[in-house]
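Visitor: Handing you a structure now.
The values are calculated or read from the model by the stated rules, or taken from the named source; none is laboratory data. Quick caveat, the model's predicted, so the values are computed rather than measured. Don't worry about glycine lacking a Cβ; one is built from the backbone with ideal geometry, like all the others, and counts go over all protein chains shown. Ligands, DNA and RNA are excluded from the accessible area calculation, which covers all protein heavy atoms including side chains. Shrake-Rupley method; radii C 1.70, N 1.55, O 1.52, S 1.80 Å.
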Amino acid sequence: MSMPTNNEYRTPDTVQDTTVEPRRTTSPVLLVLFAFAVTAGGLIWWSQSRGPAETPVATLPAPVMDEPTATTPAKERVTEAANRERTERAAARQAMISREASPLASNAEPKYPASMLRAGVGGTVVVLAEVDAQGNPVDVRVIERSGERDLDRAALSAVRQWRFEPAMRNGKAIATSVKVPVDFRPI
């Protein structure tokens with residue numbers, strides 16, 4: 001028996017699938033959850049973008065003062081109130097008059113040594129600065145080292161160029177010393 005040569009009787013080597021898959025639909029539950037998540041995210045974003053809500057500022061209660069009795073003459077009450085005001089003003093003035101030396105905000109930041117920055121090395125150097133009555137550093141020295149000589153040197157050179165608000169005692173500028181921490185943090 002010989003094989004027929006007609007191709008109709010042969011099964012093709014590759015069969016093409018002509019069946020159409022049914023379209024998959026998204027579950028309504030998933031659609032509702034997605035809509036809820038989008039709405040919640042929008043509300044959170046909107047509430048945070050409005051800016052901080054004004055919060056009430058706590059204030060200290062007014063000091064309780066003994067009310068003068070009706071038997072105290074008016075002249076004595078006036079002098080007592082005036083004396084209280086004077087002592088309060090003197091205490092406030094004394095608090096403003098006495099202060100410690102502090103670096104000015106306009107001082108330049110210390111230069112981070114390039115080799116330390118590349119190596120990712122950081123640390124804190126505490127510098128003791130002797131400040132004269134005009135706010136100029138007279139003597140500057142390291143009292144707590146960072147462990148890296150380059151960072152210590154950079155802190156010293158920066159603090160030597162800084163200016164300070166001088167310390168005040170009884171309304172007069174005086175020479176004093178101040179501890180200045182200098183932080184080096186690699187980014």
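Visitor: Computing the accessible area with a 1.4 Å probe over protein heavy atoms, can you report the carbon and sulfur percentage for segment 109-187? Let's see the in-between values first.
Guide: Numbers: 2210 of 4740 Å².
Taking all protein chains in place, segment 109-187 shows 47 percent carbon and sulfur surface.
Visitor: May I ask you to compute the full-extension gain from VAL20 to VAL32, defined as 0.36 nm times their residue separation minus their alpha-carbon distance, rounded to one decimal in nm?
Guide: Details: separation 12, 0.36 × 12 = 4.32 nm, distance 2.90 nm.
Contour length minus the Cα-Cα distance gives 1.4 nm.
Visitor: Same structure, new question: For the pair GLU88/ASP139, report the inter-label distance in nm, with labels modelled 7 Å from Cα in the Cβ direction.
Guide: 4.5 nm
Visitor: Quick check: Cα centre of segment 159-187 to Cα centre of segment 108-144, how many Å?
Guide: One Cα centre to the other: 11 Å.
Visitor: Right, something else. In Å², and per residue, what accessible area does segment 93-182 have when probed at 1.4 Å with the other protein chains present? It would help to have the intermediate numbers written out before the result.
Guide: Working: 5440 Å² over 90 residues.
Roughly 60 Å² per residue, with all protein chains present.
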